[in-house]
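Participant: One structure, pasted below without further comment.
The values are calculated or read from the model by the stated rules, or taken from the named source; none is laboratory data. Note that the coordinates shown come from a computational prediction; the quantities given were computed from them, not determined experimentally. Here the Cβ is made from the backbone with ideal geometry for all residues, glycine too, and neighbour counts use every protein chain on show. The accessibility values were calculated without ligands, DNA or RNA, using every heavy atom of the protein model including side chains. Shrake-Rupley method; radii C 1.70, N 1.55, O 1.52, S 1.80 Å.
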Amino acid sequence: MRKKLPIILLLVFIIGSMLPPAGAGSLRGRGAEHYINEYQLRTLNRAWNTESVSGWDAFRENETFYLACLKVIALARSGYPKNSTEFRGLVEWIKSRQSGDGSFPAIITDDYPKPDSEWFYWELSRPAGTGLAILALLEAGESPSSKEIEKAAQFLLKNESGNHWGSEVYIFWERTGLHKLNESPSIVATAYAVTALSRLGHNVSKEWKWLEERLTPERLANPYLDNFFTRFIFPMPYRDMRAPYESVVLPLLFLKEENMSPPKETLDFISSLLERTQYLGNATLRLGFRGITNYTVEERIYTANGWETVRTWNGTGRRAEINVSLGTADQGSLFLIRSGKSLLENESGFFKGGMKLYPKLPEDYITFIGSGYRERTVFQFRGGENYAVIYAPKMDGSWNHDVYSTAMALIWLHMADRGDGTKEAIEFLELASPGESMTFDGDAYALIALSLYGGKWESNRPGPVNNEPSAQSGVSWRLPAIFGIGLLIGALIGFAARRKS
């Protein structure tokens, strides 16, 4: 038995090394490849558009270029064949957009540090677009010494200003078009430039210090949260009103691979907001009446026998709060309110903390912003008495019932090494239909998120991989390491057993 003990221990270590990491999410299970393949096709076929949530026609060229680069990165890191006709077509098109000075088209950065900047201003940056293009070409397998990448790097080096890069700030109205206001230092442009130059071997320590000092909650999220128009929809799926923390997420993801991460307090702050705004867990039904009144609340669900009442609450007052467990995501229910006074619609509905929850996030959000966005979750009727119907939101693990919002949240939580709620969010992405992606870039970000949690992001990383173990890298680094440890321990135990015998 003693002679067999080292072999048994070695087998235990090897088998343990092949098990998937804890918290890897549902993508480690059966069918993972199916969901990746589906999002690859959706990403390939997604085109920029000017529907209500996707931006203005004035930025068609900028957004089309940004989307092409994002597609290449998402497809490459998810394992899509780089020699396929579709993939090579994207890469060659990106190359064709390079200007004589080495730059690529400007992209929108969404980081002008002014109140309500997401609504009134547009920031365009050629350094940001050039850095993004370098990353896309490197992910596609292009040589760092290719003429396109070398010219792009020279453009970035020549256009650096005081350890950072900037953007041009415009104000845009449909009737008058774009009007340039000024130039402004850009967190997003600097992040893209620093990432690209670092990948090419340049020393970016001073530029990273400048960037790191500005990766604060105040710069990345607070102006957005105080914005009257956005209220507290987080993350914001609408292209017209994105915040800096959304636009900077992709270069930050690459910077983490270069051992440069945002400050911990920033990661914790944004993660805590995301955990508070996820459609997961219980909710509070709040009612505000136009005066003191008696009221009755009935929760009803639809069954084979029609609508059935499952719970009832009674009370008297001007306001009421009822903590409700909404059950599974596929169990839709409504709440019937009978009262002597009508409801105040803005104060009534389902809430999670200070955030109002919606059965779905409507594409006509922008038409409601002037009045504070009253999505019709409250339907009132008067037929001898006042009564209203409030539809319960599905607690489906998503953010905003939207692919883009959910993917954005998952990427931030991955960077912060926070795992609560990610399993439910991944399941939402896996089951989401194309109609649940309200933005033109949502599918690409979803593909990135699924690749991160499924291990493909790390396994398809180009070039030399650093030796630090990654929480998502699967078996690749663990197997040889644990195999070696197993051999060493087995040899020591065998040696000790022989000496004892």
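Participant: Mind listing whichever residues of the range 194-205 are farther than 13 Å from LEU157 by Cβ and surrounded by fewer than 18 Cβ atoms within 10 Å (Cβ to Cβ)?
Facilitator: Selection gives SER205 alone.
Participant: Select from the range 171-193 the residues that are in contact with a helix residue (DSSP H, G or I) (Cβ under 9 Å, 6 or more places away or on another chain), in contact (Cβ under 8 Å) with a residue 40 or more places away in the chain and open to solvent by 30 Å² or more (accessible area, probe 1.4 Å) and list them in ascending order.
Facilitator: Once the filter is applied, which keeps residues that are in contact with a helix residue (DSSP H, G or I) (Cβ under 9 Å, 6 or more places away or on another chain), in contact (Cβ under 8 Å) with a residue 40 or more places away in the chain and open to solvent by 30 Å² or more (accessible area, probe 1.4 Å), the range 171-193 yields ILE171, PHE172, GLU174, LEU178.
Participant: For the subset of the range 227-267 comprising residues that are modelled with pLDDT under 95 and among the hydrophobic types (A, V, I, L, M, F, W, C), which member is most open to solvent (accessible area, probe 1.4 Å)?
Facilitator: Restricting to residues being modelled with pLDDT under 95 and among the hydrophobic types (A, V, I, L, M, F, W, C), the top hit is PHE228.
Participant: What's the number of the only condition in (1) farther than 28 Å from PHE428 by Cα; (2) exposed (fewer than 15 other Cβ atoms within 10 Å of the Cβ); (3) at pLDDT 80 or above that VAL310 fails to meet?
Facilitator: The number of the failed condition is (1).
Participant: Go over the candidates ASP396, ASP417 one by one and state the one that is modelled with pLDDT of 80 or more and exposed (fewer than 15 other Cβ atoms within 10 Å of the Cβ). Break it down into steps so the answer makes sense when it comes.
Facilitator: Numbers: ASP396 fails: exposed (fewer than 15 other Cβ atoms within 10 Å of the Cβ).
ASP417 is the lone residue from the list that is modelled with pLDDT of 80 or more and exposed (fewer than 15 other Cβ atoms within 10 Å of the Cβ).
So that you can scan it fast, the table gives a plain yes or no per residue for (1) of a type outside the set (Asp, Glu); (2) out of contact with any strand residue (DSSP E or B) (no Cβ under 9 Å at 6 or more places or on another chain); (3) at positive phi:
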| residue | (1), (2), (3) |
| --- | --- |
| ASN400 | yes, yes, yes |
| ASP417 | no, yes, yes |
| THR422 | yes, yes, no |
| ALA425 | yes, yes, no |
| ALA432 | yes, yes, no |
| MET438 | yes, yes, no |
| TYR453 | yes, yes, no |
| SER459 | yes, yes, no |
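Participant: Looking at the structure I just gave you, is LYS114 in contact with a strand residue (DSSP E or B) (Cβ under 7 Å, 6 or more places away or on another chain) and in a loop (DSSP other than H, G, I, E, B)? Break it down stepwise before answering.
Facilitator: Numbers: in contact with a strand residue (DSSP E or B) (Cβ under 7 Å, 6 or more places away or on another chain): yes; in a loop (DSSP other than H, G, I, E, B): yes.
Considered against the rule, which asks whether it is in contact with a strand residue (DSSP E or B) (Cβ under 7 Å, 6 or more places away or on another chain) and in a loop (DSSP other than H, G, I, E, B), LYS114 comes out as yes.
Participant: If the Cβ limit is 8 Å and pairs must be 6+ apart or interchain, which residue in the range 328-344 that is under 17 Å from GLY306 (Cα atoms) pairs with which residue that is assigned to a loop (DSSP other than H, G, I, E, B) and modelled with pLDDT under 90?
Facilitator: Partner pairs satisfying both residue conditions: ASP330/LYS394; GLY332/ALA392; GLY332/LYS394; SER333/LEU326; SER333/GLY327; SER333/ALA392; LEU334/ALA392; PHE335/ALA392.
Participant: Just checking, how many residues over the range 57-111 are closer than 30 Å to GLU183 by Cα and assigned to a loop (DSSP other than H, G, I, E, B)?
Facilitator: Of the residues in the range 57-111, 13 are closer than 30 Å to GLU183 by Cα and assigned to a loop (DSSP other than H, G, I, E, B).
Participant: Further, regarding this structure: Quick one: would you say ILE301 is at pLDDT below 90, part of a strand (DSSP E or B), β-branched (Val, Ile, Thr) and within 33 Å of the chain's Cα centre (by Cα)?
Facilitator: Numbers: at pLDDT below 90: yes; part of a strand (DSSP E or B): yes; β-branched (Val, Ile, Thr): yes; within 33 Å of the chain's Cα centre (by Cα): yes.
Yes: the conditions hold for ILE301.
Results for (1) within 25 Å of LEU273 (Cα to Cα); (2) open to solvent by less than 20 Å² (accessible area, probe 1.4 Å); (3) at pLDDT below 55; (4) assigned to a helix (DSSP H, G or I), shown as yes or no for each residue.
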| residue | (1), (2), (3), (4) |
| --- | --- |
| LEU336 | no, yes, no, no |
| PHE351 | yes, no, no, no |
| PRO362 | yes, yes, no, no |
| GLN380 | no, no, no, no |
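Participant: Let me ask something else. Taking the range 79-126 as the search range and keeping residues that are modelled with pLDDT under 95 and among the aromatic types (Phe, Trp, Tyr), which one is surrounded by the most Cβ atoms within 10 Å (Cβ to Cβ)?
Facilitator: So in the range 79-126, the residues modelled with pLDDT under 95 come out as 108-124.
In the following step, the residues that additionally are among the aromatic types (Phe, Trp, Tyr) were identified as 112, 119-122.
Details: TYR112: 20, TRP119: 14, PHE120: 14, TYR121: 17, TRP122: 24.
Restricting to residues being modelled with pLDDT under 95 and among the aromatic types (Phe, Trp, Tyr), the top hit is TRP122.
Participant: Separate question: Can you tell me how many residues in the range 282-298 are outside any strand (DSSP E or B) and surrounded by 13 or more Cβ atoms within 10 Å (Cβ to Cβ)?
Facilitator: Just the residues of the range 282-298 that are outside any strand (DSSP E or B), to begin with: 282.
Going one step further and asking which of them are surrounded by 13 or more Cβ atoms within 10 Å (Cβ to Cβ), we end up with none.
Residues flagged as outside any strand (DSSP E or B) and surrounded by 13 or more Cβ atoms within 10 Å (Cβ to Cβ) within the range 282-298 amount to 0.
Participant: Read through the list (1) aliphatic (A, V, I, L, M); (2) open to solvent by less than 30 Å² (accessible area, probe 1.4 Å); (3) at pLDDT below 85, then give the number of the only condition that ILE366 fails.
Facilitator: (2)
Participant: Filter the range 268-279 for residues that are open to solvent by 20 Å² or more (accessible area, probe 1.4 Å) and in contact with a Leu (Cβ under 9 Å, 6 or more places away or on another chain); which is modelled with the lowest pLDDT? Steps first, please.
Facilitator: Just the residues of the range 268-279 that are open to solvent by 20 Å² or more (accessible area, probe 1.4 Å), to begin with: 268-269, 272, 275-276.
Now restrict to residues that are in contact with a Leu (Cβ under 9 Å, 6 or more places away or on another chain): 269, 275.
Numbers: PHE269: 92, GLU275: 89.
If we take residues in the range 268-279 being open to solvent by 20 Å² or more (accessible area, probe 1.4 Å) and in contact with a Leu (Cβ under 9 Å, 6 or more places away or on another chain), then GLU275 is modelled with the lowest pLDDT.
Participant: I'd like the full set of residues that are outside any helix (DSSP H, G or I), farther than 29 Å from LYS352 by Cα and in contact with a Leu (Cβ under 9 Å, 6 or more places away or on another chain), limited to the range 248-267. First the steps, then the outcome.
Facilitator: So in the range 248-267, the residues outside any helix (DSSP H, G or I) come out as 248, 258-263.
Narrowing the set further to residues that are farther than 29 Å from LYS352 by Cα leaves 258-261.
The answer is MET260, SER261.
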